[in-house]
Amino acid sequence: MSRTLLSALAIALAGVAQAQIDYTVQPNPADNTLRVSLTFSAKSPETAVQMPRWAPGAYILSDPSRNVRDLVVSVEGEPSVAVTKSDEHTWRFPTPRQKKVTVTYSLPAAITDETVHFSGPSTYLYVVGRKEEPCTLAVPAPPEWRVAVGLDPIRSAPTKYTAKDYDVLADNPVTVGKFLEDTYTVDGKPHFIVLRNPAKSDVDREYLKKACRFITETQRDFFGGLPYNRYVWHFAVGDRIDGAGGLEHLSSTQITLPSGVGPGAVGVLAHEFFHLWNVKRIRSRALGPFDYTQLPKTGALWFLEGTTDYYAHLLLYRNGWNSQQTMFADILDNLRRQRSRPARLEVSPHEASMRVGEAAGGRGNSDGYRVSYYDTGFLVGLCLDIEMLSLTGGKRSLDDVTLALWNLTKDDKPGFQEDEIRKRYARFGGPEAGEFYDQVVMRPGELPVEAQLQKVGLELTNTTQTLPTLGFAGSGVVADRLYSVRAVTNKEAWPELREGDLIREINGVSLDGATNRQISSAFARATKDLKPGDTLNLKVIRRGSDQTRTEVALTGKVGSRTQEGPVIRPLANATAEQRRLLALWAAKKRK
């Protein structure tokens with residue numbers, strides 16, 4: 001090769017190495033907007049930029065491009081060049097080669113409580129054909145504001161971060177402002193708990209940190225390490241006792257968190273964290289690199305979403321956070337939801353996953369085609385796990401399949417082929433395992449949950465229970481830090497109790513507390529051992545029409561109600577082998 005050719009090649013390679021797209025996001029509290037810019041060197045006489053039509057993890061077309069305002073393109077020497085739209089999410093403009101190009105635009109933003117949170121796919125345009133190039137992100141903000149993001153920081157530049165490509169940039173949401181923050185470290189890696197919205201001060205932050213750390217450590221132990229450099233829990237806090245929702249990311253998660261941080265919320269935390277492996281890295285090939293113009297097609301969402309939920313709750317149980325009864329209740333909740341959908345007899349878990357983009361008139365959803373791949377996948381995971389334990393005498397389980405898929409896809413390897421889960425399952429369990437997989441994954445019909453539970457010495461049966469009823473319903477904790485009565489359901493037992501009364505004490509147990517969780521926990525302690533016919537003594541605070549407050553002592557009786565429904569319980573005549581497999585199913589370490 002000639003010296004001239006070598007020189008030309010070196011120059012070309014240097015140009016490729018330096019190719020980079022720089023993003024800046026400037027929050028503007030005055031008008032509730034984000035001002036976004038991306039800067040790059042042109043490579044062709046015309047350039048197109050696009051806004052994603054969907055966000056990974058949410059399999060629904062959301063078309064955030066409709067929020068883009070005031071888009072302007074400038075090229076060196078030209079402050080504004082002509083821009084045309086070829087469709088609703090694509091902008092095109094002329095770009096002389098090697099010239100520096102800057103695209104700026106505005107987006108609406110909810111800047112609440114001096115804090116703003118934004119997600120990548122609804123914020124960042126990408127340069128068509130150049131999503132694989134390295135990116136930087138700068139987030140200039142007022143000096144008293146902080147930035148939280150899972151991207152690696154550039155040490156020499158405060159509030160500036162780096163991503164190896166657009167997919168990584170877009171998969172790291174950002175919180176900016178005066179949020180509350182707690183930290184912990186696992187394996188030398190920092191973890192940030194970021195709380196925003198006015199209810200953030202009501203969270204029991206020590207309890208939340210305990211839950212986050214527990215989930216981090218136990219799932220780290222399951223997979224054998226943590227696949228990131230830093231992690232951010234982005235929490236949007238609401239004034240509720242329980243109930244949460246989230247969206248997973250490569251080194252963070254977005255979760256709507258109840259200030260009470262109840263058991264349902266902890267389950268969501270565990271679910272989203274498990275996604276660090278299952279779906280973000282253990283993934284089918286359709287799930288990265290992404291085509292943001294159309295929804296992906298994969299038949300594995302039952303595993304990537306539903307079995308993630310199975311493991312999230314199973315690991316909480318196996319490691320002692322949840323009780324056996326809580327685990328049984330989780331199974332029953334999923335079974336109730338799954339069997340409430342007649343389409344389960346017509347649509348297989350594989351089909352519910354593969355055809356999710358056909359839901360909602362072709363716009364997709366984040367649940368599944370006609371049946372939910374969440375509750376269905378939870379139950380399929382349970383059935384596959386127990387079947388593998390049974391077929392191999394406890395030598396193998398679904399753990400082996402999951403960890404084999406992790407070894408196949410970790411370290412930025414390509415995603416697995418569509419039939420890979422079955423291959424791994426049959427490899428560990430033999431031909432019978434493959435046949436069972438086809439039965440519960442590839443074909444519609446009733447999942448054999450009852451038969452699988454029997455293999456580990458459990459039975460699912462209907463029973464009638466007599467349960468206590470307080471005679472009133474609460475709306476949870478209010479600003480007064482007391483439990484508010486929403487409705488009186490038994491007027492005979494409580495003729496003097498009124499809606500809006502604030503319960504201060506139950507049978508001598510004070511409901512005073514500093515956080516929603518402390519108050520709701522006190523309420524649970526005060527009522528958990530009550531039986532029908534027990535006396536219930538309340539002290540309530542009642543507001544007068546002139547806002548005066550009066551403490552009132554009330555006495556009533558605990559009522560009763562009958563409830564018929566399914567329960568899971570040990571078989572009376574379970575064999576030693578069934579009991580051994582049950583112990584293995586629940587074991588912290590199965591080997």
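The values are calculated or read from the model by the stated rules, or taken from the named source; none is laboratory data. Everything numeric in this text was worked out from a predicted model, so none of it was measured. With ideal geometry, Cβ positions are generated from the backbone for all residues, glycine too; neighbour counts draw on all protein chains shown.
Here's the yes/no breakdown for (1) buried (at least 18 other Cβ atoms within 10 Å of the Cβ); (2) within 24 Å of PRO263 (Cα to Cα); (3) among the hydroxyl-bearing types (Ser, Thr, Tyr):
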site: GLU496; (1), (2), (3): no, no, no
site: SER520; (1), (2), (3): yes, yes, yes
site: LYS531; (1), (2), (3): no, yes, no
site: THR535; (1), (2), (3): no, no, yes
site: LEU538; (1), (2), (3): yes, no, no
site: GLN563; (1), (2), (3): no, yes, no
site: ASN573; (1), (2), (3): no, no, no
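Can you spot a residue in region 518-526 that is part of a strand (DSSP E or B), closer than 17 Å to PHE472 by Cα and at pLDDT below 90? Steps first, please.
Start the filter on region 518-526 by keeping residues that are part of a strand (DSSP E or B), which leaves none.
No: region 518-526 contains no residue that is part of a strand (DSSP E or B), closer than 17 Å to PHE472 by Cα and at pLDDT below 90.
Name the single residue, out of those in region 239-267 being part of a strand (DSSP E or B) and not small (Gly, Ala, Ser), that is farthest from PRO153 (Cα to Cα). Lay out the reasoning, then the answer.
So the first thing to find is which residues in region 239-267 are part of a strand (DSSP E or B), and the list is 245-248, 252-258.
Next, from what is left, pick out any that are not small (Gly, Ala, Ser): 247-248, 253-258.
Working: LEU247: 22, GLU248: 20, THR253: 18, GLN254: 20, ILE255: 23, THR256: 26, LEU257: 26, PRO258: 30 Å.
Going through the qualifying residues, I end up with PRO258.
Please verify whether LEU195 is closer than 22 Å to ARG318 by Cβ, in contact with a strand residue (DSSP E or B) (Cβ under 8 Å, 6 or more places away or on another chain), modelled with pLDDT of 95 or more and surrounded by 23 or more Cβ atoms within 10 Å (Cβ to Cβ), treating the condition exactly as stated. Even if it seems obvious, please write down each step before you answer.
On the way: closer than 22 Å to ARG318 by Cβ: no; in contact with a strand residue (DSSP E or B) (Cβ under 8 Å, 6 or more places away or on another chain): yes; modelled with pLDDT of 95 or more: yes; surrounded by 23 or more Cβ atoms within 10 Å (Cβ to Cβ): yes.
The answer is no for LEU195.
State all residues of region 278-295 that are among the basic types (Lys, Arg) and assigned to a loop (DSSP other than H, G, I, E, B); if no residue qualifies, say none.
First pass over region 278-295, keeping only residues among the basic types (Lys, Arg): 280-281, 283, 285.
Scanning region 278-295 gives LYS280, ARG281, ARG283.
Looking at the structure I just gave you, is ALA148 small (Gly, Ala, Ser), farther than 26 Å from ASN32 by Cα and not assigned by TED's automatic domain parsing to the domain that holds PRO258?
On the way: small (Gly, Ala, Ser): yes; farther than 26 Å from ASN32 by Cα: no; not assigned by TED's automatic domain parsing to the domain that holds PRO258: yes.
For ALA148, the condition - small (Gly, Ala, Ser), farther than 26 Å from ASN32 by Cα and not assigned by TED's automatic domain parsing to the domain that holds PRO258 - is not met.
Working carefully through the options THR298, THR308, find the one that is touching a strand residue (DSSP E or B) at 6+ places or on another chain (Cβ under 7 Å) and not in a helix (DSSP H, G or I). Even if it seems obvious, please write down each step before you answer.
Working: THR308 fails: not in a helix (DSSP H, G or I).
Going through THR298, THR308 in turn, just one is touching a strand residue (DSSP E or B) at 6+ places or on another chain (Cβ under 7 Å) and not in a helix (DSSP H, G or I): THR298.
Kindly state which helices (runs of 4 or more DSSP H) lie completely within region 367-463 and contain at least 3 residues that are touching a residue at least 60 places away in the same chain (Cβ under 8 Å) and of a type in the set (A, V, I, L, M, F, W, C).
Details: elements: 373-391, 398-409, 420-429, 431-437, 449-455.
Qualifying helices (runs of 4 or more DSSP H): 373-391, 398-409.
Criterion first (of a type in the set (Gly, Ala, Ser) and under 18 Å from ARG486 (Cα atoms)) does GLY544 satisfy it? If you could, list the steps in order and put the result at the bottom.
On the way: of a type in the set (Gly, Ala, Ser): yes; under 18 Å from ARG486 (Cα atoms): yes.
Yes; evaluated as a whole, the condition is true for this residue.
Output the number of residues of region 447-471 satisfying the condition of being under 21 Å from ALA343 (Cα atoms) and touching a helix residue (DSSP H, G or I) at 6+ places or on another chain (Cβ under 7 Å). Working first, answer last.
Of the residues in region 447-471, the ones under 21 Å from ALA343 (Cα atoms) are 447-450.
Filter once more, keeping what is touching a helix residue (DSSP H, G or I) at 6+ places or on another chain (Cβ under 7 Å): 447-449.
Qualifying residue count for the region: 3.
Is it the case that region 48-55 has a residue that's touching a helix residue (DSSP H, G or I) at 6+ places or on another chain (Cβ under 6 Å), at pLDDT 90 or above, within 23 Å of PRO134 (Cβ to Cβ) and surrounded by 17 or more Cβ atoms within 10 Å (Cβ to Cβ)? Break it down stepwise before answering.
If we filter region 48-55 for residues that are touching a helix residue (DSSP H, G or I) at 6+ places or on another chain (Cβ under 6 Å), which is where we start, we get 51.
Still in the running and at pLDDT 90 or above: 51.
Pick out the ones that are also within 23 Å of PRO134 (Cβ to Cβ) and you get 51.
With surrounded by 17 or more Cβ atoms within 10 Å (Cβ to Cβ) added as a condition, the list becomes 51.
Yes - at least one qualifying residue is present in region 48-55.
Listed here are the residues, each with its yes/no results for (1) buried (at least 19 other Cβ atoms within 10 Å of the Cβ); (2) touching a Cys at 6+ places or on another chain (Cβ under 7 Å); (3) among the small types (Gly, Ala, Ser).
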residue	(1), (2), (3)
ALA170	yes, no, yes
PRO173	yes, no, no
GLU181	no, no, no
LYS200	yes, no, no
ARG213	no, no, no
GLU217	no, no, no
ARG220	no, no, no
